[in-house]
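Structure first, commentary second.
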Amino acid sequence: MSIVTEPAARVGKGQAHGKAILIGEHAVVYGHPAIVLPLEPIRVLVEVGLASGGDRIDCTYFQGKLEEAPERLSGLAAVVEEARRELESSLSGFSLTIRSEIPPGYGLGSSAAVAVALVRALYDVHRHPLTQEQLLHLVHIAETHAHGTPSGVDAWAASTDYPLWFVRGRRPESLPLMRPLFLVVANSRVPGNTREAVQHVRESLERLQGGESPVDRLAALASRARTALSRGDYAELGRLMTGAHEQLAELGIATDHLNALVGAALEQGALGAKLTGSGEGGSMIALAPDKNRQNQVAATLAQAGALQVWTPVLGENSIG
């Protein structure tokens, strides 16, 4: 005898993870490549159930009717409405429960990861298959509310489990790892603001007219980093990361605290370190040679005032 689930008992679930840009942030806005890494230990979980009396949301920032939620959640409301239309849904009310480990405003892909998990949960509650194209379309709506003109890098990174070679307007390429990447990710005392940082970089480039710009040099560093990654040459990769931080600092988006965290990681033996994301606050990332040094760098960054520290290892099953 089959068991039929009553519609009122339906629950849809979706999850996604954070991301870090290994190299290429800001350059990607100008059509140059970036290498993007999944941060699978830092996750978002969304559950969608059915509710009477309209849509409701329960998250860190608001509990109540979705239509009464603050502006920062307007992108999620837009996603719900568009998904309802595309699914031709007869389900009139949803209860959205969002639990995220990704701090918003720190360049780790929080808004995109929440949107990815939400879309997956909405499709799951309808028991409807979801293509990557449909997912990206809906997440783009949320990201437009959050960032104005998103590149799409965060949406791809939050929805895939492997490093990506990303160029705006093209389908990303997956990047295999020859051996594990021991990373340390830490956030500074101040969140960043993507829109303001992008504008700051634009103004900096206007002042630096003529000759090779920091963005051009970032693009060259990203290409060299791809080669180093493919060869498993992590000493070279680390040097390129630190060089990228110097270019981002020249653009004026590296704060004193980010610089201090980068310096502390390098002094502790990291192969390389840099800010990650938009800058002007936010987070940094360091590459360690092994697990032991990874833990030492993490402890040092915590002592240096990082608010949170994570130690993801990518490609643990790599063959090199």
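The values are calculated or read from the model by the stated rules, or taken from the named source; none is laboratory data. Since the structure is predicted, the reported quantities are computational estimates derived from the model, not experimental observations. Please note: Cβ atoms are built from the backbone with ideal geometry, for glycine as well, and neighbour counts cover all protein chains shown.
Among the candidates Leu229, Leu218, Leu240, which residue alone is closer than 29 Å to Thr144 by Cα and in the same structural domain as Gly282 (by TED's automatic domain parsing)?
None of the others qualify; the one that does is Leu218.
Among (1) in contact with a Leu (Cβ under 6 Å, 6 or more places away or on another chain); (2) modelled with pLDDT of 95 or more, which single condition is Ala8 missing?
In the conditions (1) in contact with a Leu (Cβ under 6 Å, 6 or more places away or on another chain); (2) modelled with pLDDT of 95 or more, Ala8 misses (2) alone.
Kindly list, by first and then second residue, each pair from a residue in the stretch 280-305 that is in contact (Cβ under 8 Å) with a residue 60 or more places away in the chain to a residue that is in a helix (DSSP H, G or I) and charged (D, E, K, R), limited to pairs with Cβ atoms under 8 Å and residues at least 6 apart or on different chains.
Glu280/Glu196
Do the conditions hold for Glu25, that is, is it in a loop (DSSP other than H, G, I, E, B) and either at pLDDT 95 or above or under 30 Å from Gly282 (Cβ atoms) (or both)?
Against the criterion (in a loop (DSSP other than H, G, I, E, B) and either at pLDDT 95 or above or under 30 Å from Gly282 (Cβ atoms) (or both)), Glu25 qualifies.
Restricting attention to the stretch 247-263, which residues are buried (at least 17 other Cβ atoms within 10 Å of the Cβ) and over 17 Å from Val190 (Cβ atoms)?
Answer for the stretch 247-263, where residues must be buried (at least 17 other Cβ atoms within 10 Å of the Cβ) and over 17 Å from Val190 (Cβ atoms): Gln247, Leu251.
So that you can scan it fast, the table gives a plain yes or no per residue for (1) within 26 Å of Pro176 (Cβ to Cβ); (2) touching a Pro at 6+ places or on another chain (Cβ under 9 Å):
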| residue | (1), (2) |
| --- | --- |
| Leu229 | yes, yes |
| Thr242 | yes, no |
| His245 | yes, no |
| Leu261 | no, no |
| Ser278 | no, no |
| Pro289 | yes, no |
| Ala306 | no, no |
| Gly315 | yes, yes |
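Would you pick out the residues in the stretch 28-41 that are of a type in the set (Val, Ile, Thr) and at pLDDT below 95?
Across the stretch 28-41, the qualifying residues are Val28, Val29.
Is it true that Leu301 is within 18 Å of Gly109 (Cβ to Cβ), buried (at least 24 other Cβ atoms within 10 Å of the Cβ) and assigned by TED's automatic domain parsing to the domain that holds Arg207?
Against the criterion (within 18 Å of Gly109 (Cβ to Cβ), buried (at least 24 other Cβ atoms within 10 Å of the Cβ) and assigned by TED's automatic domain parsing to the domain that holds Arg207), Leu301 does not qualify.
Given the residues Val44, Val119, Val36, Val48, which is the only one that is among the β-branched types (Val, Ile, Thr) and in a helix (DSSP H, G or I)?
Val119
Against the definition (closer than 21 Å to Ala286 by Cα and among the charged types (D, E, K, R)), how does Arg168 come out, yes or no?
no
Applying the selection to the stretch 261-320, what residues are polar (S, T, N, Q) and in contact with a helix residue (DSSP H, G or I) (Cβ under 7 Å, 6 or more places away or on another chain)?
Hits for the stretch 261-320 are Gln268, Ser278, Thr300, Thr311.
Considering each residue of the stretch 29-57, count those that are within 23 Å of the chain's Cα centre (by Cα) and of a type in the set (Gly, Ala, Ser), and give that number.
Result for the stretch 29-57: 2.
Show the residue pairs that are 6+ apart or on different chains and have beta-carbon atoms under 8 Å apart, the first residue being within the stretch 151-170 and within 16 Å of Ser278 (Cα to Cα), the second being among the basic types (Lys, Arg) and in a loop (DSSP other than H, G, I, E, B).
Ser151/Arg168; Gly152/Arg168; Val153/Arg168
Being more than 20 Å from Asp290 (Cβ to Cβ) and among the acidic types (Asp, Glu): is that true of Glu206 here?
Yes: the conditions hold for Glu206.
Can you find, within the stretch 248-270, the residue that is farthest from Gly281 (Cα to Cα) among those that are outside any helix (DSSP H, G or I) and at pLDDT below 95?
Leu251
Where in the stretch 152-247 are there helices (runs of 4 or more DSSP H), lying wholly inside it, with at least 3 residues that are under 26 Å from Ala112 (Cα atoms) and modelled with pLDDT of 90 or more?
Per the criteria, 153-159, 214-231.
Of all residues in the stretch 46-94, which are farther than 22 Å from His140 by Cα, small (Gly, Ala, Ser) and crowded, with 16+ Cβ neighbours inside 10 Å?
Gly49, Ala51
Starting from the stretch 83-106, take each residue that is in the same structural domain as His126 (by TED's automatic domain parsing) and list its partners that are assigned to a loop (DSSP other than H, G, I, E, B) and among the aromatic types (Phe, Trp, Tyr), counting only C-beta distances under 9 angstrom and pairs at least six apart or across chains.
These pairs meet every condition: Pro104/Tyr61.
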